[in-house]
Amino acid sequence: MKYKVFIDGQEGTTGIKIYERFQNRDDVEILRIDDMLRKDLSERKKLINSSDFTFLCLPDIAAIEAVSLVVNSNVKIIDASTAHRTNPDWAYGLPELSKEHRKKIANSNRVAVTGCYASGFIAAVYPLIQADVMAIDHPVICHAISGYSGGGKKMIEEYESTNKELELFSPRQYALSQSHKHIPEMQAITGLSYPPMFNPIVDNYYSGMVVSLPLITRTLKKKLTAKEIHEVFANHYKDEHFIKVMDFKEDGFLGANNLANTNTMQIFISGNDEQVLVASRFDNLGKGASGAAVQCMNIMMGIDEKTGLISYE
């Protein structure tokens, strides 16, 4: 069977990367919209309702508008915006969290793809809460660094300009007001009682990110050593292909761009009996966006979820 797929927002960074992941697949037919009609409601409505799957790679307001255009009840929507990530009627697109998450994706016509930072954060916090190691009212602090591609076309142009400002050669903290758009899903999907304090940093490289969760073990619900916490993660993700818990990391460096162009997320545990660092490394354009979207589509199709996706072995 050949599935008809429409990418609404095909010219954006995520849309382009989704399209690239279909290039060698013979089970997908891409419905392309004329560049002159990209914002034409009637043309978008026609293509959305002619598709089996529509990916929304749009700003939130445009994504909500796109969903309102659906009249064909068989159309499956995979939304890469933040518009529906905390909506309980939508499946949340991180299947590795639990059997229930994967089942809901498989049986749903509406899937919200995870945010890039949120993917790494939730993958780190969710197992700790499920194992009763972290209380839901724990004061969570998270630091993260990302390549500039996560900021979209405008930021990419700024960083790749030959006349860019000196500041752009250095790491830059942002979202200083604690209002980053990923915070609502970070709280909602993990079940935390309070929003985490989130410190994102953008740096002068194209793609890849590390999301870090520092833990003081005496503040946890269960005081575990670093190696015991490593075991919690190893058990939680033991059967997963795209999330890999790495060997306990004694020391050294942790680069952020090692997994570029893959759909793999690596989780590292390091530290000691009193202080533990949980860090997730992945590609913000892969497992943090387009790769996750295609993985969800594969699950919804009932085929091998690895189809068309690159793993880091």
For Lys45, the lone unmet condition from (1) without any contact (Cβ under 8 Å) to a residue 40 or more places away in the chain; (2) part of a helix (DSSP H, G or I); (3) in contact with a strand residue (DSSP E or B) (Cβ under 8 Å, 6 or more places away or on another chain) is (3)
Selection from segment 261-313 of residues at pLDDT below 95, of a type in the set (S, T, N, Q) and out of contact with any helix residue (DSSP H, G or I) (no Cβ under 8 Å at 6 or more places or on another chain) yields Ser311
Given (1) free of Cβ contacts under 8 Å to residues at least 40 places away in the same chain; (2) buried (at least 16 other Cβ atoms within 10 Å of the Cβ); (3) more than 19 Å from Asp239 (Cβ to Cβ), His101 misses just (3)
ask   = Looking at Ser73, is it among the small types (Gly, Ala, Ser), touching a residue at least 24 places away in the same chain (Cβ under 8 Å) and under 28 Å from Gly151 (Cβ atoms)?
value = no
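For segment 126-169, what are the residues that are aliphatic (A, V, I, L, M) and not in a helix (DSSP H, G or I)?
Ala131, Val133, Met134, Ala135, Ile136, Val140, Ile141, Ala144, Ile145
Within segment 200-236, can you find the residues that are part of a strand (DSSP E or B) and either of a type in the set (A, V, I, L, M, F, W, C) or closer than 21 Å to Lys287 by Cβ (or both)?
Of everything in segment 200-236, those that are part of a strand (DSSP E or B) and either of a type in the set (A, V, I, L, M, F, W, C) or closer than 21 Å to Lys287 by Cβ (or both) turn out to be Pro200, Ile201, Val202, Asp203, Met209, Val210, Val211, Ser212, Leu213, Leu215, Ile216.
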Margin query: Tell me whether segment 15-23 contains one or more residues that are exposed (fewer than 15 other Cβ atoms within 10 Å of the Cβ) and either within 19 Å of Val294 (Cβ to Cβ) or modelled with pLDDT of 95 or more (or both).
Written below: yes
Scanning segment 187-216 residue by residue, the ones that are over 18 Å from the mean Cα position of the chain (by Cα), surrounded by fewer than 14 Cβ atoms within 10 Å (Cβ to Cβ) and under 13 Å from Phe121 (Cα atoms) total 1
In segment 39-58, residues that are under 22 Å from Gly151 (Cα atoms) and either at pLDDT 95 or above or of a type in the set (Asp, Glu) (or both) total 4
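Do we have Ser212 as over 18 Å from Ala292 (Cβ atoms) and in contact (Cβ under 8 Å) with a residue 12 or more places away in the chain here?
So Ser212 fits the description; yes.
How many of the residues making up segment 243-268 are among the aliphatic types (A, V, I, L, M) and either part of a loop (DSSP other than H, G, I, E, B) or more than 20 Å from the chain's Cα centre (by Cα) (or both)?
5
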For segment 58-103, the count of residues that are more than 24 Å from Lys45 (Cβ to Cβ) and part of a strand (DSSP E or B) equals 1
By residue number, the members of segment 22-81 that are farther than 13 Å from Asn109 by Cα and among the small types (Gly, Ala, Ser) are Ser42, Ser50, Ala62, Ala63, Ala66, Ser68, Ala80, Ser81
Those residues of segment 170-186 that are assigned to a helix (DSSP H, G or I) and either touching a residue at least 60 places away in the same chain (Cβ under 8 Å) or exposed (fewer than 11 other Cβ atoms within 10 Å of the Cβ) (or both) come to a total of 3
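The values are calculated or read from the model by the stated rules, or taken from the named source; none is laboratory data. Being a predicted model, the structure only gives us computed values, none of them experimental. In this analysis, Cβ positions are derived from the backbone assuming ideal geometry, glycine residues included, and neighbour counts consider all displayed protein chains.
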